[in-house]
Amino acid sequence: MQRTRSLVQIVLFCVTALAVVEPALAVSLTRGPYLGRPSDSAVAVIWNTDTAADSRVDYAAPDGVWHTATSSGVSAHHVVAIEGLPSGAEINYRVFSGGVELAPESSFRAPRDATETRFRFAVIGDTAEGGSVLTQIADRLVESGVDFAVHTGDVVYPTGAQQNYDKTFFLPLARWLLRGPVLPTLGNHDVMTSRGAAYLTNFVVPPNGVTRSSRFYAIRQANALFVCLDVESSSFGADSPQYGWLVRTLAASTATWKFVYFHEPPYSSGHPNHIVRMILCPLFEHFGVDIVFSGHVHLYERTWPIHDFVPSGRGVVYITEGGGGSPLSTFHQEDYTAFVASRFGYTEVQIDGGTLTLTAHDPSGSVFDSLVLDKPQPVPSAGVPIRAGHTRRHLGRR
Ligand SMILES: [Fe+2]
């Protein structure tokens, strides 16, 4: 009897030990960690594991006090939202599943509240084929310390399928993705598989309050508004939910700077989308949008300010940033073009109160175009028609 009891105890010990040890052995990282922005003030830490497990993030602000955030249930796709971070602070973080720390400690910049007036962001686009260009761009973004990167679409080729995301997006950009979120827009290639299902799963962005999925969304960062539109898989005509949402969003914003981004450029020396131009550009002018960022054409291009469809001393500047690594495009320079170059690279924007400095960089970081905009006048209150107004202090290439 005593021997039987001992055997039972041994078996129970082994089962218990296996139950404790097994998850630690079984869970391993298959993607990430990377970051998302579920709201103006929150950050999402995201990662994938090879098996379903729990999700935990430990994080610390500059005061050095560590906190824990979790998400409920178990999953192989982990999304943990963190709220209440001090504005603009450097946040250290560590990720765990199944009791295992899955990656080295890293850090990101917390979202900046509306009282802040200084920050920097990057614009990348058409990263579709990944490769060494994208790896170089990732290194430059880490070195520059931008808060986040806007992506102008065509994240992966050829059809936006999930199986191509790791090799051509998450791995080449991994060093940057640990540090800052990508705020993406849908490209024509991204919606070819299941209408962009992989994109919608992979990226965490704010809800728009109009449609179930965030194919278009807006986010406030410091004194700037960022509006992402979907011109690939959502209607944008005057009677569409997206158009109405865009009008309400721009009209309600009190931000000093307003940026809009979507995939196909309305003004381009490559392949302009004239439908977008006719329908949406008058709205951008009416509500004082400063710069529109697009991709699709694999080059860098900057227009003169455009008003009423022609280059003017005032109006909206259109930037095409499609140099993320896909084969470069040819072009025939248009009269509204201030600068165009068929080359790889990324764009960086620095906001300092009422002054904006934009620089276009090649993958080594060298600057080959720049623009400075000033806001000499206070921004009109919401709903007042029209231009917030800016002056062009310097336009040039170098
Ligand atoms: Fe495209």
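Structure notes:
- Qualifying residue in segment 299-315 (condition: among the basic types (Lys, Arg) and in a strand (DSSP E or B)): yes
- Any hit, segment 353-362, residues being within 17 Å of Arg140 (Cβ to Cβ), free of Cβ contacts under 8 Å to residues at least 60 places away in the same chain, assigned to a loop (DSSP other than H, G, I, E, B) and away from the ligand (no atom under 16 Å from the Cβ): yes
- Just one of (1) under 19 Å from Val204 (Cα atoms); (2) away from the ligand (no atom under 16 Å from the Cβ); (3) surrounded by fewer than 22 Cβ atoms within 10 Å (Cβ to Cβ) fails for Arg120. It is (1).
- Of all residues assigned to segment 167-187, none qualifies as being in a loop (DSSP other than H, G, I, E, B), modelled with pLDDT under 95 and either surrounded by fewer than 19 Cβ atoms within 10 Å (Cβ to Cβ) or not charged (D, E, K, R) (or both).
- Total residues in segment 332-342, condition over 10 Å from Tyr300 (Cβ atoms) and aromatic (Phe, Trp, Tyr): 1
- Residue list for segment 99-152, restricted to those being assigned to a helix (DSSP H, G or I), of a type in the set (Val, Ile, Thr) and more than 22 Å from Leu186 (Cα to Cα): Val142
- With a requirement of 1 or more residues that are under 28 Å from Glu334 (Cα atoms), the strands (runs of 3 or more DSSP E) lying completely within segment 200-289 that satisfy it span 224-228, 257-261.
- Number of the exception - Ser366 against (1) touching a residue at least 24 places away in the same chain (Cβ under 8 Å); (2) closer than 30 Å to Glu129 by Cβ: (1)
- Residues that are more than 23 Å from the chain's Cα centre (by Cα) and modelled with pLDDT of 95 or more occur in segment 43-51; there is at least one.
- Number of residues in segment 172-197 that are among the small types (Gly, Ala, Ser) and either within 16 Å of the ligand (Cβ to nearest atom) or touching a Cys at 6+ places or on another chain (Cβ under 6 Å) (or both): the value is 2.
- Options Glu301, Glu285: the member that is modelled with pLDDT of 95 or more, over 25 Å from Ser41 (Cβ atoms), within 16 Å of the ligand (Cβ to nearest atom) and of a type in the set (Asp, Glu): Glu301
- Against the test of being surrounded by 15 or more Cβ atoms within 10 Å (Cβ to Cβ) and among the small types (Gly, Ala, Ser), the options Ser87, Ser72, Ser97 yield a single qualifying residue, Ser97.
- Restricting Ser326, Ser233 to those that are within 16 Å of the ligand (Cβ to nearest atom), surrounded by fewer than 20 Cβ atoms within 10 Å (Cβ to Cβ) and in contact (Cβ under 8 Å) with a residue 24 or more places away in the chain reduces the list to Ser233.
- For segment 328-352, filtering for residues that are of a type in the set (A, V, I, L, M, F, W, C) and either touching a helix residue (DSSP H, G or I) at 6+ places or on another chain (Cβ under 9 Å) or not in a strand (DSSP E or B) (or both) leaves 3.
Results for (1) surrounded by 22 or more Cβ atoms within 10 Å (Cβ to Cβ); (2) within 16 Å of the ligand (Cβ to nearest atom); (3) closer than 26 Å to Leu35 by Cα; (4) not assigned by TED's automatic domain parsing to the domain that holds Ala161, shown as yes or no for each residue.
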| site | (1), (2), (3), (4) |
| --- | --- |
| Leu200 | no, no, yes, no |
| Ile219 | no, no, yes, no |
| Leu229 | yes, yes, yes, no |
| Gly244 | no, no, no, no |
| Arg248 | no, no, no, no |
| Phe262 | yes, yes, yes, no |
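- The one condition in (1) buried (at least 20 other Cβ atoms within 10 Å of the Cβ); (2) free of Cβ contacts under 8 Å to residues at least 60 places away in the same chain that Pro104 fails to fulfil: (1)
- Residues located in segment 154-166, provided they are touching a residue at least 60 places away in the same chain (Cβ under 8 Å) and either in a strand (DSSP E or B) or touching a strand residue (DSSP E or B) at 6+ places or on another chain (Cβ under 7 Å) (or both): Asp166
The values are calculated or read from the model by the stated rules, or taken from the named source; none is laboratory data. The shown structure was predicted, so the numbers you read here are calculated from the model rather than taken from an experiment. Every residue, glycine among them, receives a Cβ derived from its backbone with ideal geometry; neighbour counts consider all protein chains shown.
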